[in-house]
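Please read the structure below before turning to the comments.
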Amino acid sequence: MDFWFALVLVVDVIVALCIIGLVLLQHGKGADVGAAFGSGASGSLFGASGSANFLSRTTAALAVVFFLTTFVLAYLVTHKPRVGGGVMDTVKEQPALQQVPLPQAAPDAAKASDAAKSKANEVPK
């Protein structure tokens, strides 16, 4: 499974780089104006309009290959068998801590502290 994923990923990246190169090689719509002033491509390898037609068809074919490899990559990632569980499955269970009761103050001390608090809150007149 990992071999196929790596192979499809490499093909996907190579096709993407080829698409980028072909798009950069193509002439824009403004290139026709330049041909009117003497820089025409009538003597090129593919003819006057053959190179534009060849490059656009090649780009379209590579775009189809790119989309197919991308869909295959998405399928391989979503249908990958899970080897293990989550992160928490690897944590060992620890014994529960024993709760020690806190010492409580004597009831007389609580009344004395309440009286001290009430005297502290009084406003002198």
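Annotation: amide H-H contacts under 5 Å for residue 27 (H modelled 1.01 Å from N, sequence separation of 5 or more, or interchain): none. The HN-Hα couplings worked out from phi for segment 72-80 by the Karplus form 6.51 cos²θ - 1.76 cosθ + 1.60 (θ = phi - 60°) are 5, 4, 4, 5, 5, 6, 7, 10, 6 Hz, whole numbers, x standing for Gly and Pro. Just how much of residue 14 is accessible, in Å², when a 1.4 Å probe is used and the result is rounded to the nearest 10? Here the accessible area works out near 90 Å². Phi angles across segment 56-66 convert, under the Karplus curve 6.51 cos²θ - 1.76 cosθ + 1.60 with θ = phi - 60°, into 3J(HN,Hα) values of 5, 5, 5, 4, 5, 5, 5, 5, 5, 4, 4 Hz, Gly and Pro given as x. With a simple spin-label model that places each label point 7 Å from the Cα along the Cα-to-Cβ direction, the separation between residue 54 and residue 76 comes to 3.2 nm.
Can you work out the FRET efficiency for the pair residue 17 and residue 91, with r the C-beta to C-beta distance and R0 = 41 Å, to the nearest 0.05?
Details: r = 43 Å, r/R0 = 1.06.
It comes out at approximately 0.40.
The values are calculated or read from the model by the stated rules, or taken from the named source; none is laboratory data. Note that the coordinates shown come from a computational prediction; the quantities given were computed from them, not determined experimentally. Positions of Cβ are backbone-derived with ideal geometry, glycine not excepted, and every protein chain shown enters the neighbour counts. Heads up: the accessible areas ignore ligands, DNA and RNA and are worked out on the full protein's heavy atoms, side chains in. Shrake-Rupley method; radii C 1.70, N 1.55, O 1.52, S 1.80 Å.
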